[in-house]
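To start, the structure itself, in structure tokens.
Since every read-out is calculated from the coordinates, none of them should be taken as a lab result. These numbers come from a predicted model, not from an experiment. FYI the Cβ positions are ideal-geometry reconstructions off the backbone, even for glycines, and counts take in every protein chain you see.
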Amino acid sequence: MMRLWLLTGYRRSRADFAAAHAPAMAGMLRARRWPPWACAALLLIATGAATQSIPTAPTSRPIPIADQEPITPTPEPPAADPLKLALGERLFSDTRLSNDGKLACSSCHDISTNGTGRRYATVRHDGSNAPFDTLTIFNAALSFRLNWEGNFRTLEAQAESSLENPANMATSVEDVVARLNADPEMVRQFRAAYDRAPDRASLLDALATFEKSLVTPGSRFDLWLAGDTSALSAAELRGYGIFKSFGCISCHQGVNVGGNLFQRQGIFRPLVHAKPDVVRVPSLRNVATTAPYFHDGSAATLEEAVRKMGAAQLDRSLTDEQVSSLVAFLQTLTGNYRGEPVKGAPP
Ligand code: HEC
Ligand code: HEC
């Protein structure tokens, strides 16, 4: 049922969407892990075959808005063992996780603001490529792959790489485990949570457990999805309408408004000169708080990022009014962490 309703959501814009976005859709269909129902839906949209299969709306009961939209609300954090969670939180800001004792995960991923800090693109993540803008840690657990290149499938594997990467913690899991084992208090806490002294699996599990809790539910957009029709203003809804009808939604959808497929950047016009050319589409959750934008941090403002997206990914030159409507919509995607709104990092 839900799938069919998704199609109705696209109905008005279908012809426009299919005509303008054939290259984008071809890219999407190439993406791995694109859910089969979505492929089917897009094919229907592209071929116009959906026209016959769209049902009429039942009038008997109201349908939650979320069931009809291609974006789903951010869930609450998953249930977790409180001891593992607390241990993971402590480790996340423990500088013993870096080689020189200067950096913690939290040095770059500041969870008291936006989960990225200033997101300044100084980090050479694999030593050879251009530096990558720091991704926010918020809602990372909800994306299908991790990092700009989508090169990790699990938080544990990503954490191990963060520890061992010369540009991040520049240490090794063995060294960190040895340092933690030298601290009786840490050994006590690991024993309490995992029934054993710190080892590779428990270290990575504690970090991942904490990272899974870093979700930001309760954005105004999610309130609207849950049925609170007063949560969004007319201007914001207009922005969401443009987001769908122009086809931004073809790449940025699902629970993270992105984060669920690979795409070429710079389809119609160059976007970011630095490699890679194909990236995991970034999530737009909390995007109003995470300037600068793009994998090299080259767009300073959300307005600039939106305008460039229109030109580079959709071959559209957006009017000022369309840009501000889109930005108004994107601002409704800011959620809450531990009951406080996610906020931009201080300059
Ligand atoms: C020196 C800054 C720095 C430190 C320290 C750091 N990170 Fe990161 N983090 C980054 C950058 C830059 C990226 C993007 C890298 C990429 O795309 O290749 C990133 C990406 C991530 C992602 C992927 C987010 C997503 O949406 O895909 C996760 C998860 C993450 N880091 C966790 C950690 C953990 C856990 C630690 C501590 C063990 C850590 N980071 C330490 C800079 C840092
Ligand atoms: C064909 C797929 C595609 C379409 C269509 C698309 N985007 Fe994107 N979007 C991407 C990719 C890929 C990136 C990352 C580019 C990079 O940094 O290399 C991105 C990045 C962004 C960013 C920056 C996010 C960040 O954290 O740096 C914003 C904002 C954004 N898109 C908004 C939009 C809007 C608004 C539209 C519609 C006007 C749109 N996108 C259409 C694929 C797409």
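Considering Cα pairs under 8 angstrom that are at least six residues apart, work out the relative contact order of the stretch 82-212 and quote it in whole percent.
On the way: 203 pairs, mean separation 39.2, N = 131.
Relative contact order, the stretch 82-212: 30 percent.
Taking a point 7 angstrom from the Cα of ASP183 along the C-beta vector, which residues in the stretch 202-220 have backbone N less than 18 Å away?
Label zone hits: 202-211.
Taking R0 as 56 Å, what's the FRET efficiency between GLU174 and GLU340 from their Cβ-Cβ distance, rounded to 0.05?
Working: r = 37 Å, r/R0 = 0.66.
It comes to 0.90.
Given a Förster radius of 41 Å and the C-beta distance between THR301 and LYS102 as r, what FRET efficiency does 1/(1 + (r/R0)^6) yield to the nearest 0.05?
0.85
Cα gyration tensor of the stretch 161-313, axes a ≥ b ≥ c as square roots of the eigenvalues: rounded (a/c below 1.5), prolate (a/b > b/c) or oblate?
On the way: a/c = 3.34, a/b = 1.75, b/c = 1.92.
Oblate.
Sequence neighbours fewer than 8 away in the same chain don't count; with that in mind, list the lysines whose C-alpha is under 30 Å from LYS84.
Those lysines meeting the cut-off are LYS102, LYS212, LYS343.
Please report, in cubic angstrom per residue, the volume enclosed by the convex hull of the alpha-carbon atoms of the stretch 239-347.
105
If the viscosity is 0.890 mPa s and the temperature 25 °C, what translational diffusion coefficient in µm²/s does Stokes-Einstein give for the stretch 82-212 when Rh comes from Kirkwood over Cα pairs?
Details: Rh = 14.9 Å.
The diffusion coefficient I find is 165 µm²/s.
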